[in-house]
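Student: Pasting a structure here, questions to come.
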Amino acid sequence: MGMTMTQKILAKAAGLNSVKAGDLIMAKLSLVLGNDITAPVAIREFDKLGVNGVFDKKKVALVPDHFTPNKDIKSAEQAKVVRTFANEFDIENYFEVGEVGIEHALLPEKGLVVAGDVVIGADSHTCTYGALGAFSTGVGSTDMAAGMATGEAWFKVPEAIKFNLTGKLNPYTSGKDLILHIIGMIGVDGALYKSMEFTGEGMHSLTMDDRFTIANMAIEAGAKNGIFEVDDLTREYMREHSTREFSEFTADSDAQYCQVIDIDLATVPHTVAFPHLPENARTPENWGDVAIDQVVIGSCTNGRLSDLERAAEILKGKKVKKGIRVIVFPATQKIYLDALKNGTLSALVEAGCVISAPTCGPCLGGHMGILAAGERCVSTTNRNFLGRMGHVESEVYLASPEVAAASALTGKITAPEEVM
């Protein structure tokens, strides 16, 4: 029986000739990831194991990024636990304020993940690295602890949904629109414990940043992972960022899928997820007249350079509507610096935006952008659950950088063509 991309990666990591959906396996890990929320819990469990060190100090990454720069004493203590552990066990890939980034943008940028890798992270959006042709998935802190100690993790091999992409996205439409469109089609449990596998000639027209965004939000459809076929663009990205060897896996022609979904990218509309689930996807004709109070552009979903550039293209030479708060979060220090050098940040500041240091802060209602009761925010983040960004009576509308920027100009949810 043929195997999917994910199944081939897992079979190799488990030392098996083949696997099938439903098999339970032990797989060797290429990387184990934790942040300032999840790593302290994992470290406490790790200490209980009584081991002398991590399985490989080069294959553990610790990134304090959620409540950093530390917003209060508790978050500072959390970060201190991670810092102390990294120093004690000589963790090479520890990144703190000044060299930090939002973990799921930082690790690919640092070349720590390549095609064929098996990555676990104590953060649900670890599935981001599927954009590179890796198997990556979120786990609990206990599994992270075991992974740091042993270099292995157990998995149930997932079945897969194949997304066959054709055509090309329209101007001012991006990967965020596509993944919100898909989640709107299949629902937040439409890919429950499945692999979302992206292929087809249309895939090649998507930028790497589009692919990172799409893979990042696979978990919002309930997926175990999202993964893209490796092509020339992937190879170019990996060679630019990493010196590691990589392994490419393509699905067999007789691979078994539980569902095949064909999508013509030219038909994908601007899509906004209304409160309080990512599946509540609506297109412009169904947006209505939704007044907003805040716009957030950034996060592990849409904080990369092209995201900021697309927002700046719409905002340049214009002014954010009076009374609208616009907060921009470059995803890494490098992205921040690149956007500074090429004038992107200047355009955003001149338009009336405020620029933050790289942090997850507002996405999870942590800091730097908390919403009050009754307030509405258009955000390029990945979740709009009840109370996600602050008060339980606030509302989050998930959108692309283009829609977010256009909405900042008008003070209501707006398609970019309306302001260009």
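The values are calculated or read from the model by the stated rules, or taken from the named source; none is laboratory data. Because the structure is a prediction, the values reported are computed rather than measured. For neighbour counting, all protein chains shown are included, and Cβ atoms are generated from backbone atoms with ideal geometry for every residue, glycine included. Each accessible area value is taken on the protein alone, full model and side chains, heavy atoms only, with ligands, DNA and RNA left out. Shrake-Rupley method; radii C 1.70, N 1.55, O 1.52, S 1.80 Å.
Student: Which value does Rg/Rh take for the range 97-223 over its C-alpha atoms, Rh per Kirkwood?
Tutor: Rounded to two decimals, Rg over Rh is 0.98.
Student: In addition: Could you name the lysines in cross-link range of Lys318, using Cα to Cα under 18 Å and dropping any fewer than eight places away on the same chain?
Tutor: Lys412
Student: So how many Å³ per residue does the convex hull of the Cα atoms of the range 1-142 work out to?
Tutor: Value for the range 1-142: 111 Å³ per residue.
Student: Let me ask something additional. Please compute the length gained on full extension between Thr250 and Leu16, using 0.36 nm multiplied by the number of residues separating them and subtracting their Cα-Cα distance. Could the numbers behind the result be given before it?
Tutor: On the way: separation 234, 0.36 × 234 = 84.24 nm, distance 1.69 nm.
Full extension from Thr250 to Leu16 adds 82.5 nm.
Student: Right, here's the next one. Going by average Cβ neighbours within 10 Å, how do the peptides 205-215, 244-254 rank, with the highest at the top?
Tutor: 205-215, 244-254
Student: For Asp72 paired with Leu233, estimate the spin-label separation in nm (one decimal), with each label point 7 Å from Cα along the Cα-to-Cβ line.
Tutor: Calculated label separation equals 4.2 nm.
Student: Determine the dipole magnitude for the chain: charges of +1 sit on the beta-carbon of Lys and Arg, -1 on that of Asp and Glu, nothing else is charged, the reference point is the Cα centre, and the result goes in debye to the nearest 20.
Tutor: Charge dipole of the chain: 660 debye, to the nearest 20.
Student: Same structure, new question: In the chain, which helices (entire DSSP H runs) extend 20 Å or more along their own long axis, judged by Cα positions, while averaging at least -1.0 on the Kyte-Doolittle scale?
Tutor: Going by DSSP H runs, the hits are 73-88.
Student: Write down the accessible area per residue of the range 22-159 in Å², having rolled a 1.4 Å probe over the full set of protein chains. Numbers along the way, then the final one.
Tutor: Values: 5020 Å² over 138 residues.
Dividing the accessible area of the range 22-159 by its residue count gives 36 Å².
Student: Which order do the peptides 362-369, 338-345, 190-197 take when ranked by the mean count of other beta-carbon atoms within 10 Å per residue, highest first? Don't skip to the end; give the middle numbers.
Tutor: Details: 362-369: 20.8, 338-345: 17.0, 190-197: 23.1.
The peptides rank, most packed first, as 190-197, 362-369, 338-345.
Student: Net charge around Ile186, counting only other residues with Cβ within less than 11 Å of its Cβ (Lys, Arg = +1; Asp, Glu = -1)?
Tutor: -2
Student: Oh, and also: Mind jotting down the distance between the C-alpha centroids of the range 82-139 and the range 317-363, whole Å?
Tutor: Spelled out, the Cα-based centre of one part sits 24 Å from the other.
Student: Percent relative contact order of the range 120-200, based on C-alpha pairs within less than 8 angstrom and at least six residues apart?
Tutor: 28 percent
Student: Sticking with this structure for a sec: Give me the extension gain from Val188 to Ala372: residue separation times 0.36 nm, minus the current Cα-Cα distance, reported in nm with one decimal. Write out the running numbers ahead of the final one.
Tutor: On the way: separation 184, 0.36 × 184 = 66.24 nm, distance 2.63 nm.
Extra length available between Val188 and Ala372 comes to 63.6 nm.
Student: I want to make sure I understand the PRE zone here: with the label point 7 angstrom from the Cα of Met26 toward its beta carbon, which residues in the range 135-160 have backbone N atoms less than 12 Å away?
Tutor: Zone members listed by number: 150-155.
Student: Leaving out same-chain residues fewer than 8 places away, which lysines sit with a Cα under 18 Å from that of Lys176?
Tutor: Lys168
Student: Taking the mean number of other Cβ atoms within 10 Å as a proxy for protection, how do you rank 104-111, 264-271, 159-166 from highest to lowest? Present the calculation step by step, with values, prior to reporting the outcome.
Tutor: Values: 104-111: 23.6, 264-271: 18.5, 159-166: 21.6.
In decreasing order of mean packing, 104-111, 264-271, 159-166 become 104-111, 159-166, 264-271.
Student: Let me ask another. With a ≥ b ≥ c taken as the square roots of the eigenvalues of the C-alpha gyration tensor of the range 126-194, please select rounded if a/c is under 1.5 and otherwise prolate if a/b is larger than b/c or oblate if it is not?
Tutor: prolate
Student: In terms of the Cα gyration tensor, with a ≥ b ≥ c the square roots of its eigenvalues, is the range 293-349 rounded because a/c is under 1.5, prolate because a/b exceeds b/c, or oblate?
Tutor: Details: a/c = 2.16, a/b = 1.35, b/c = 1.59.
It comes out oblate by the Cα gyration axes.
Student: Which whole number of Å³ per residue matches the convex hull of the alpha-carbon atoms in the chain? Before the final figure, lay out the partial values.
Tutor: Details: hull volume 53.7 nm³, N = 420.
Spread over its residues, the Cα hull of the chain gives 128 Å³ apiece.
Student: Report the semi-axes of the equivalent ellipsoid for the range 61-130 in whole Å, largest first, where each axis is √(5λ) for an eigenvalue λ of the Cα gyration tensor.
Tutor: Square roots of five times the eigenvalues give 22, 14, 11 Å.
Student: Have a look at Thr126, Ala146, His181 and report the one farthest towards the positive end of the charge dipole of the range 124-182, computed about the Cα centre with Cβ charges (Lys/Arg +1, Asp/Glu -1).
Tutor: So the residue we want is His181.
Student: Continuing with the same structure: Provide the gained length on full extension for the span Glu201 to Asp264, in nm with one decimal, where the gain is 0.36 nm per separating residue minus the Cα-Cα distance.
Tutor: On the way: separation 63, 0.36 × 63 = 22.68 nm, distance 1.02 nm.
Taking 0.36 nm per residue and subtracting the Cα distance, the gain is 21.7 nm.
Student: Here is a further query. Using a probe of 1.4 angstrom, how much of the accessible area of the chain is carbon and sulfur, in percent?
Tutor: The C+S portion of the solvent-accessible surface of the chain is 50 percent.
Student: Which lysines, on any chain, are close to Lys8 with Cα under 21 Å apart, when same-chain ones fewer than 8 places away are left out?
Tutor: Lys20, Lys28, Lys156, Lys162, Lys194, Lys224
Student: What is the distance, in nm, between label points placed 7 Å from the Cα along the Cα-to-Cβ direction at Met1 and at Val97?
Tutor: Modelled inter-label distance: 5.2 nm.
Student: Next question, about the same structure. Over all alpha-carbon pairs of the range 194-269, lay out the pair-distance distribution in 5 Å bins, whole %, shortest bin first.
Tutor: Over the range 194-269, the share of Cα pairs per 5 Å bin runs 3, 12, 22, 26, 21, 11, 4, 1 percent.
Student: What is the calculated FRET efficiency for Glu393 to Leu49, with r their C-beta to C-beta distance and R₀ = 45 Å, to the nearest 0.05?
Tutor: Efficiency computed from Cβ-Cβ geometry: 0.55.
Student: At 4 °C and a viscosity of 1.567 mPa s, what translational diffusion coefficient does Stokes-Einstein give for the range 229-334, taking Rh as the Kirkwood radius over Cα pairs? Give it in µm²/s as a whole number. Display every interim value, and only then the final one.
Tutor: Values: Rh = 18.4 Å.
For these conditions, the coefficient is 71 µm²/s.
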